[in-house]
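These notes concern the structure reproduced below.
The values are calculated or read from the model by the stated rules, or taken from the named source; none is laboratory data. All values reported here derive from a predicted model rather than from experimental measurement. Every residue, glycine as well, gets a Cβ built from its backbone with ideal geometry; the counts of neighbours run over all protein chains shown.
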């Protein structure tokens with residue numbers, strides 16, 4: 001590998017924690033970080049997105065993966081994070097490099113200013129030759145405000161840092177056209193579009209929060225940013241190098257040849273839905289023909305409580321998602337505007353505004369290559 005790579009690696013809990021004892025698997029960490037050291041010695045940057053803190057902390061608080069609730073998992077994360085980082089630090093020192101912890105929440109990805117601040121921190125660590133280890137801050141997050149799986153978190157990190165490769169290490173050697181336990185399951189070596197394989201990806205591991213479905217969702221997000229994704233078995237010697245040099249089997253998800261810009265990728269690749277709008281079919285078709293803003297008269301219905309600067313999902317009247325865009329108004333302001341269509345926006349809101357709900361330069365049209373989101377069932381008619 002002569003070309004410098006910027007590599008983001010996602011490691012699942014089942015690889016890091018002994019399933020019965022819920023203790024760190026030092027043998028795996030030795031193999032992983034030895035390979036990381038070799039990649040770094042060749043001039044590559046490596047960022048780890050590591051699960052494991054909850055799994056490692058469950059034993060300390062007397063819980064199991066089956067019995068733990070939300071508060072248990074938050075407490076377990078607080079107990080397990082020092083164990084996880086200490087294990088990484090001990091093994092990292094054996095191979096002569098330092099590590100740093102970067103704890104993130106959903107807001108660090110969905111708020112653009114915090115997104116940029118996080119990116120600057122990660123780049124500064126890489127400049128100092130320190131390997132960032134990224135994880136969701138499970139001690140403070142709840143179901144409503146969490147990313148929920150480190151597969152998509154890793155894809156957002158890959159987008160954030162302009163990675164060349166995203167390697168997702170898991171318990172199987174890649175993607176199959178059905179459950180790999182089925183004797184007739186066929187291995188898929190290369191994927192250009194992930195949508196046809198989504199139906200075969202249900203299920204998750206005992207310790208983890210995501211299965212193959214979230215891995216393909218992550219791969220689709222990485223595709224949009226021009227990142228190559230690899231899904232591979234983690235229980236091997238040189239688990240990263242053997243993927244990148246093609247010496248062992250793994251599923252390769254190809255990046256799109258025309259990736260989105262950084263701004264458009266940030267808008268289009270969401271982790272949660274802040275709010276949504278339904279527009280008339282003619283408006284949706286006009287959006288597809290050429291960028292135009294979305295105005296209050298275009299809106300049939302809306303859903304969600306959102307603030308100015310949140311990304312809204314735009315649906316047509318048939319419930320098909322057509323675009324995503326940055327809202328210029330809060331949900332309360334938008335309700336006032338849409339319920340009083342004949343009154344000037346400035347008179348209603350008390351400040352001067354063009355009245356465009358989503359400006360054309362803050363709107364990203366979705367193509368067939370995107371995984372579309374289902375419309376909310378609770379969407380409110382105006």
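Quick test for you: out of 43, 52, pick the one residue that is touching a strand residue (DSSP E or B) at 6+ places or on another chain (Cβ under 8 Å) and at positive phi.
52
Mind counting the residues in the range 219-266 that are assigned to a loop (DSSP other than H, G, I, E, B) and over 16 Å from residue 47 (Cβ atoms)?
So the answer is 20.
Could you check residue 318 against (1) touching a helix residue (DSSP H, G or I) at 6+ places or on another chain (Cβ under 8 Å); (2) within 29 Å of residue 222 (Cα to Cα); (3) surrounded by 15 or more Cβ atoms within 10 Å (Cβ to Cβ) and say which number it fails?
(3)
Take the range 337-369 and flag every residue that is at pLDDT below 85 and within 21 Å of residue 264 (Cα to Cα).
Those that are at pLDDT below 85 and within 21 Å of residue 264 (Cα to Cα): 367, 368, 369.
If you check 348, 312, which single one turns out to be surrounded by 18 or more Cβ atoms within 10 Å (Cβ to Cβ), touching a residue at least 12 places away in the same chain (Cβ under 8 Å) and either over 18 Å from residue 275 (Cα atoms) or not assigned by TED's automatic domain parsing to the domain that holds residue 196 (or both)? So that I can check it myself, show each step before the final result.
Values: 348 fails: surrounded by 18 or more Cβ atoms within 10 Å (Cβ to Cβ).
312 is the lone residue from the list that is surrounded by 18 or more Cβ atoms within 10 Å (Cβ to Cβ), touching a residue at least 12 places away in the same chain (Cβ under 8 Å) and either over 18 Å from residue 275 (Cα atoms) or not assigned by TED's automatic domain parsing to the domain that holds residue 196 (or both).
Determine, yes or no, whether residue 148 is touching a strand residue (DSSP E or B) at 6+ places or on another chain (Cβ under 9 Å) and modelled with pLDDT under 90.
Values: touching a strand residue (DSSP E or B) at 6+ places or on another chain (Cβ under 9 Å): yes; modelled with pLDDT under 90: yes.
Considered against the rule, which asks whether it is touching a strand residue (DSSP E or B) at 6+ places or on another chain (Cβ under 9 Å) and modelled with pLDDT under 90, residue 148 comes out as yes.
Would you confirm whether or not the range 30-52 contains a residue that is modelled with pLDDT under 95 and farther than 15 Å from residue 240 by Cβ?
Yes, the range 30-52 contains a residue that is modelled with pLDDT under 95 and farther than 15 Å from residue 240 by Cβ.
Based on this model, can you work out whether residue 289 counts as surrounded by fewer than 20 Cβ atoms within 10 Å (Cβ to Cβ), more than 23 Å from residue 218 (Cβ to Cβ) and modelled with pLDDT of 90 or more?
Judged against the criteria, residue 289 is not a match.
Out of all the residues in the range 55-72, is one or more buried (at least 17 other Cβ atoms within 10 Å of the Cβ), within 21 Å of residue 170 (Cβ to Cβ) and touching a strand residue (DSSP E or B) at 6+ places or on another chain (Cβ under 8 Å)?
yes
Could you check the range 321-340 and list, in sequence order, the residues that are in contact with a helix residue (DSSP H, G or I) (Cβ under 6 Å, 6 or more places away or on another chain) and under 20 Å from residue 290 (Cβ atoms)?
The answer is 322, 323, 324, 325, 326.
Which one of 319, 262, 309 is closer than 25 Å to residue 215 by Cα and modelled with pLDDT under 95?
Values: 319 fails: closer than 25 Å to residue 215 by Cα; 309 fails: closer than 25 Å to residue 215 by Cα.
Step by step, each of 319, 262, 309 is checked, and only 262 is closer than 25 Å to residue 215 by Cα and modelled with pLDDT under 95.
Within the range 267-290, take every residue that is over 17 Å from residue 316 (Cβ atoms) and assigned to a loop (DSSP other than H, G, I, E, B) and give me the one that is nearest to the chain's Cα centre (by Cα).
Filtering first and then ranking leaves 271.
Starting from residues that are within 23 Å of residue 268 (Cα to Cα) and part of a loop (DSSP other than H, G, I, E, B), keep the ones in the range 183-218 and report whichever is modelled with the highest pLDDT.
For the range 183-218, the residue satisfying everything is 192.
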